[in-house]
Amino acid sequence: MTLAAETPAPARAAPPLGAVAVVAALALAPLAFDAAGAGFWIVVLSRGLVYAVAAMALQLVLGRGGLVCFGFAAFLVIGAYAVGIPYHHRVEEGLVVLPLAMAAAALFALATGAIALRTRGVYFIMITLAFGQMVYYALTALSTYGGDDGMTLWGRSQVAGFDLFRDRRAFYWLCLGAAAGTWALVRAVSRSHFGRVLEGARQNEARMAALGFDVFRVRLIAYALSGALGGLAGALLANHAEFVSPAYGSWHVSGELIVMVVLGGFASVTGAGFGAILLAVLEEVLSRLTSHWKILLGLGVVGVALLARDGLAGALARWRGR
Amino acid sequence: MSATLLAVQALNGLQLGLVLFLIAAGLTLVFGVMDFINLAHGVQYMVGAYLAVVFYGLTAHFGLALLLALVAALVFGLAMEALVYRHLYGRSHLDQVLATFGIILILTEGAKAVFGPAPLSLPRPEALSGAIPLMDGFGYPVWRLVIIGAGLGVAALLYGLVQHTRMGMQVRAGATDAEMIGALGVDIRRLFMGVFGFGAMLAGFAGVMAAPVFAVEPTMGDGLLIMAFVVIVIGGIGSIRGAFLAAVIVGLVDTLGRSFSTDVARMFLAPAAANDVGPAVASMLVYVLMAGVLFWRPQGLFPARAG
């Protein structure tokens, strides 16, 4: 794909001062929680940030590309096992397993995307689901690595041999860094020429093809990038829980990731990130109210789908517009 | 693998296929006619099974419980249509996936709250609880044969309804182009409601029939829902004939794959590895089948939609 030189530079939005403030506030949050004796919330927020990485990665293909991927959990679980399997063989070096997780998930995305992207609409939903299920069942059969039950990791990945992330605050900051990096990357890609071609293909595929763009290739690259970030999220998830299991690859997880993206307003990468954090916090709060909190969550999900078509970001925009 | 074992497993596969067909029939029609992707269809199967357990507890009569459960499943399906699904026709697939995913969360957790997470059971009717002796003192349960018979009966009934009645003609036309038949004066809303209610009742029927064989538990519809989607995608969305053929194929492939894959794997691999690889490959077989069909025939085996 050649970039046309005369492509107008994407309109620069206001300098991301707001983003810097949000990241700074999130970075200080653990200190506040510890001071308030509510250190447990650091763990909850870490999980939210990990899912935010996954949701923002999914937003690139789902929101920008219009490709409803119902097998995203496969990238997550591949990333998790890219941490778990080396760990089983006493390789605990984060500088090895994190890139490995991203590469493995990206390769899987390339291979399956090459097939899935030939289909359209609901068939795409179903074929990505099928690939997700294949990974799920393949992992349940790995009896060396725990099979159905998964395996416990007795620690977190290290950095150059140092056990940096034992401390929950340090690990929280790692997750925050990953989420902020993912946000900046997906946002930059979405606003680039490449992102506009992707968006154009969502709105009118035939027209983009007629303009000479290789829609299939653009989508495949976006899918692979999204997969790599999904692998990163999976690697973080394995470290967060210190546990790896095929359950990370269940189709329920794929569904929940879609909920996060749509909850945030599916056209906005920022919304996807906050949708994920909101859902993590919501699950925690609701599960304290009642053991049947999933009923409340389900009611919320149905409500968002029926009423708030553009999610949190849309509600926020309307509120600002008043 | 003896001939008897092969025959038993083929019957089991046929039985799974026909249960899948009962679920997939409603799914493919709802999908084909209304372009509505209903993830919550598997929950309808679960609801049918629980309804049967409840009514059996009240009446202590299987036939009566079946009848009441069918009526209740129909009413339940129509109520869900009026409350939620009706507002999602014509919306994006994404909204539909989201809303029906929410319904799954609510109803699955609701069933857990009302009936508890432990599996319940539904006894088979007295007269049909025996077994037919096969070779070497090996019996085949009559009830599984009843499921096969009921599935075939429903398939024939559906074929008659869809091919030879006015409503069936409208359904077929709707699967090809719903907007056009609306323009021709067919009351689409009533047609949609009818199709939806009927599909929900069929899924409920599948739940009642399967309840004596499988455990009745809140998540019983999950696995079958995914399999039913595989069936309708392989068969071609909107096609009853495609759903029937694909359901039988998927049922046989899955069941025979699970029974014989380890033996097959042992021909090529060490026993320990084969014990790992066999079951994994068996669980993946139907998805590989679906990916293959989509690769070579992206519209499925019997596409119903025009264009």
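The values are calculated or read from the model by the stated rules, or taken from the named source; none is laboratory data. This one's a predicted model, so the numbers in the text were calculated from it and none came from an experiment. Here the Cβ positions follow ideal geometry from the backbone for every residue, glycine too, while neighbour counts run over all protein chains shown.
Brief remarks on what is shown
- Restricted to the range B:139-172, and to residues there that are assigned to a helix (DSSP H, G or I) and among the small types (Gly, Ala, Ser), the residue that is farthest from B:Leu128 (Cα to Cα) is B:Gly168.
- The listed residue being within 11 Å of another protein chain (Cβ to nearest Cβ) and in a helix (DSSP H, G or I), out of B:Asp263, B:Asp276, B:Asp254: B:Asp276
- Qualifying position, being surrounded by 14 or more Cβ atoms within 10 Å (Cβ to Cβ) and small (Gly, Ala, Ser), among B:Ala65, B:Ala79: B:Ala65
- Flag for B:Ala203 being within 14 Å of chain A (Cβ to nearest Cβ) and either at pLDDT 85 or above or in a loop (DSSP other than H, G, I, E, B) (or both): no
- Any pair with Cβ under 8 angstrom, 6 or more apart, that starts in the range B:105-126 at a residue that is closer than 19 Å to B:Ala210 by Cβ and facing chain A (nearest Cβ under 8 Å) and ends at one that is of a type in the set (Lys, Arg) and assigned to a helix (DSSP H, G or I): B:Thr108/A:Lys294
- Within the range B:119-177, restricting attention to residues that are surrounded by 14 or more Cβ atoms within 10 Å (Cβ to Cβ), closer than 28 Å to B:Leu64 by Cβ and charged (D, E, K, R), the residue that is modelled with the lowest pLDDT is B:Arg124.
- Test for B:Ile240: is it buried (at least 21 other Cβ atoms within 10 Å of the Cβ), under 20 Å from B:Gly42 (Cβ atoms), modelled with pLDDT of 85 or more and away from chain A (no Cβ under 14 Å): yes
- Taking first residues from the range B:275-293 that are farther than 12 Å from B:Val253 by Cα and partners that are surrounded by fewer than 20 Cβ atoms within 10 Å (Cβ to Cβ) and of a type in the set (D, E, K, R), no Cβ contact under 6 Å between residues at least 6 apart in sequence or on separate chains turns up.
The rows are residues; the columns are (1) over 16 Å from A:Val43 (Cα atoms); (2) acidic (Asp, Glu); (3) buried (at least 24 other Cβ atoms within 10 Å of the Cβ).
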| position | (1), (2), (3) |
| --- | --- |
| A:Ile221 | yes, no, no |
| A:Ala224 | yes, no, no |
| A:Val244 | yes, no, yes |
| A:Val253 | yes, no, no |
| A:Val261 | yes, no, yes |
| A:Gly265 | yes, no, yes |
| A:Ala272 | yes, no, yes |
| A:Ala276 | no, no, yes |
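- Residues satisfying the stated conditions in the range A:125-148, i.e. in contact with a Phe, Trp or Tyr (Cβ under 8 Å, 6 or more places away or on another chain), polar (S, T, N, Q) and either over 21 Å from A:Ile258 (Cα atoms) or at the interface with chain B (Cβ under 7 Å from one of its Cβ atoms) (or both): A:Gln133
- Filtered residues of the range B:85-104 (kept if more than 7 Å from every other protein chain (Cβ to nearest Cβ), under 15 Å from A:Ser254 (Cβ atoms) and among the hydrophobic types (A, V, I, L, M, F, W, C)): B:Ile104
- Residue within the range A:102-109 that is more than 14 Å from every other protein chain (Cβ to nearest Cβ) and either surrounded by fewer than 19 Cβ atoms within 10 Å (Cβ to Cβ) or among the acidic types (Asp, Glu) (or both) present: yes
- Remark: pairs (first residue in the range B:220-243, under 19 Å from B:Gln163 (Cα atoms); second residue part of a helix (DSSP H, G or I) and of a type in the set (Lys, Arg); Cβ separation under 9 Å; 6+ apart in sequence or on different chains) = B:Gly235/B:Arg241; B:Gly238/B:Arg172; B:Ile240/B:Arg172.
- Search result, residues across the range B:181-213 that are free of Cβ contacts under 8 Å to residues at least 12 places away in the same chain and of a type outside the set (Lys, Arg): B:Ile181, B:Gly182, B:Ala183, B:Leu184, B:Gly185, B:Asp187
- Residues that are of a type in the set (Val, Ile, Thr), more than 11 Å from chain B (Cβ to nearest Cβ) and over 20 Å from B:His93 (Cα atoms) are absent from the range A:246-264 altogether.
- The range A:199-231: number of residues that are charged (D, E, K, R) and within 23 Å of the chain's Cα centre (by Cα): 4
- A single entry from A:Ile42, A:Ile115 fulfils the requirement of being more than 14 Å from chain B (Cβ to nearest Cβ) and either more than 26 Å from A:Ser245 (Cβ to Cβ) or among the aliphatic types (A, V, I, L, M) (or both): A:Ile42.
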